[in-house]
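Please read the structure below before turning to the comments.
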Amino acid sequence: MMKILSADVMPISKNQIKKFIKSKFNMQITDDAAAELAKFIEEKAEKISKYAIESAKKRNDTKINKEDILSYIKYLDDI
């Protein structure tokens with residue numbers, strides 16, 4: 001059985017977002033902007049993960065692989 005994290009858990013921290021923006025773009029980001037970006041990324045990751053899980057289940061596999069993720073990207077391109 002798959003364990004689902006509670007909705008209030010943010011696996012991507014504001015600090016990670018701040019470091020990423022600073023290192024990639026040499027720009028600072030406010031705490032509230034970093035929190036919103038982290039929330040957005042988490043929501044997208046959840047959608048991708050759900051699709052990838054279904055893809056893995058169709059293969060009777062219990063592990064998501066690269067192709068499961070890429071199939072979601074292809075699915076987005078097709079719609």
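I'm trying to understand the selection: among the residues of the stretch 61-78, which are part of a helix (DSSP H, G or I), free of Cβ contacts under 8 Å to residues at least 24 places away in the same chain and of a type outside the set (Lys, Arg)?
67, 68, 69, 70, 71, 73, 76, 77, 78
Being basic (Lys, Arg), modelled with pLDDT of 95 or more and surrounded by fewer than 11 Cβ atoms within 10 Å (Cβ to Cβ) is true for just one of 63, 3, 50. Which residue is that?
After ruling out the rest, the residue left standing is 63.
Applying the selection to the stretch 26-60, what residues are among the aromatic types (Phe, Trp, Tyr) and without any contact (Cβ under 8 Å) to a residue 12 or more places away in the chain?
Result: 40, single match.
Residue 10 fails exactly one of the following numbered conditions: (1) surrounded by 11 or more Cβ atoms within 10 Å (Cβ to Cβ); (2) under 17 Å from the mean Cα position of the chain (by Cα); (3) modelled with pLDDT of 95 or more. What is the number of that condition?
So residue 10 meets the others, but not (3).
The values are calculated or read from the model by the stated rules, or taken from the named source; none is laboratory data. This is a predicted model, so every value here is computed, not measured. Don't worry about glycine lacking a Cβ; one is built from the backbone with ideal geometry, like all the others, and counts go over all protein chains shown.
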